[in-house]
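The values are calculated or read from the model by the stated rules, or taken from the named source; none is laboratory data. A quick note: this is a predicted structure, and the numbers were derived from the prediction, not measured. Every residue, glycine among them, receives a Cβ derived from its backbone with ideal geometry; neighbour counts consider all protein chains shown.
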Amino acid sequence: MTNQHPVIQISKVKKVYTMGTNQVFALRGVDLTVERGEMIAVMGTSGSGRSTLMNILGCLDVPTEGSYSLDGIRVDGMSRNALADLRNAKLGFVFQGFNLLARTSAIENVELPLLYDRSNRKLDTRKLAAESLTRVGLGDRLDHQPSELSGGQQQRVAIARALVTQPTLLLADEPTGNLDTVNGHRVIDALYNLNAAGQTIVLVTHDRKIADDAPRLVSLLDGEIETDSGMVHTPDNVTWLAEH
């Protein structure tokens, strides 16, 4: 039977930080639903609550009030260990920094999350890592070290590493922030291709063009969702890679 749960379901989520005698309201009653297979971009200036929202979505923080369900599993109220297990089972992370091991091949970098698998499954880690690299267009770069790859290729290795555990949700936080325009386009193109194959993705970006071309754009302001396009369309530049 098809799983009908939204991947993300947050309702009336508030996050309050106490700093001395002051209270800082980072999120002020946010509602957000992301269905399976969606790709959304999230924008917001410093202090908008964007980072707090991403930390909650990534099970790195919990709401002060409100509810969050990840793939049908209620997250708020979980213990730290339970959150860690849920992250490992359901989430893949891509950051602005590639965080690759310098003297380690691409395929070995991608294998790393599988080596920490605690489910006692017998996995062919090299085969899975090779398949993940092929999905991001690096099937011919398996044995290259990071120093032998462009910045865009290194970020695609990082994406392959995030995908190798077959996460329900891929969280990409400023994945093009350290890249030039051409390599940034190639990374975004790789994400669009993954989304077209069914991967659910939440992308945080400061790049207005990337955000405007996303199938759905959520903008945060002062801890609230200011706008949510809530619409699905094919971005004009989904063929960036072919054009560059």
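Is it the case, given these coordinates, that F93 is touching a residue at least 60 places away in the same chain (Cβ under 8 Å) and touching a Leu at 6+ places or on another chain (Cβ under 8 Å)? So F93 passes the test.
Looking across the stretch 46-68, just one residue is surrounded by fewer than 21 Cβ atoms within 10 Å (Cβ to Cβ), over 15 Å from the mean Cα position of the chain (by Cα) and touching a residue at least 60 places away in the same chain (Cβ under 8 Å), and that is G47.
Screening V238 on (1) modelled with pLDDT of 95 or more; (2) over 15 Å from the mean Cα position of the chain (by Cα); (3) on the phi < 0 side of the Ramachandran plot shows it passes everything except condition (1). When M19 is tested against (1) at pLDDT 90 or above; (2) of a type in the set (A, V, I, L, M); (3) more than 17 Å from I159 (Cα to Cα), just one condition goes unmet, and that condition is (1). Each residue in the stretch 14-33 was checked for being touching a strand residue (DSSP E or B) at 6+ places or on another chain (Cβ under 8 Å) and more than 19 Å from S46 (Cα to Cα), and 3 of them qualify. Just to be sure before I move on: is R161 within 25 Å of D212 (Cα to Cα) and buried (at least 20 other Cβ atoms within 10 Å of the Cβ) in the structure I sent? Answer is no for this residue. For the stretch 108-127, state whether one or more residues are touching a Pro at 6+ places or on another chain (Cβ under 9 Å) and surrounded by fewer than 17 Cβ atoms within 10 Å (Cβ to Cβ). Within the stretch 108-127, not a single residue is touching a Pro at 6+ places or on another chain (Cβ under 9 Å) and surrounded by fewer than 17 Cβ atoms within 10 Å (Cβ to Cβ). Residue selection: A26 fails the criterion of being touching a helix residue (DSSP H, G or I) at 6+ places or on another chain (Cβ under 6 Å), within 22 Å of R216 (Cβ to Cβ) and at pLDDT 95 or above.
In the stretch 70-88, which residues are more than 14 Å from the chain's Cα centre (by Cα) and within 21 Å of A172 (Cβ to Cβ)? Correct list: D71, V75, L83, A84, L86.
In the stretch 128-161, the residue that is farthest from E108 (Cα to Cα) out of those that are within 17 Å of the chain's Cα centre (by Cα) and of a type outside the set (A, V, I, L, M) is G152.
Residues considered: D76, D31, D85. Of these, the only one that is of a type in the set (D, E), surrounded by fewer than 18 Cβ atoms within 10 Å (Cβ to Cβ) and within 30 Å of G137 (Cα to Cα) is D85.
Could you list all residues from the stretch 171-204 that are polar (S, T, N, Q) and either within 11 Å of the chain's Cα centre (by Cα) or within 13 Å of M39 (Cα to Cα) (or both)? Of everything in the stretch 171-204, those that are polar (S, T, N, Q) and either within 11 Å of the chain's Cα centre (by Cα) or within 13 Å of M39 (Cα to Cα) (or both) turn out to be N193, N195, Q199, T200.
Within the stretch 3-23, residues that are more than 30 Å from E38 (Cβ to Cβ) have Cβ atoms under 7 Å from residues that are in a strand (DSSP E or B) and of a type outside the set (S, T, Y) in these pairs: Q23/V16, counting only partners at least 6 apart in sequence or on another chain.
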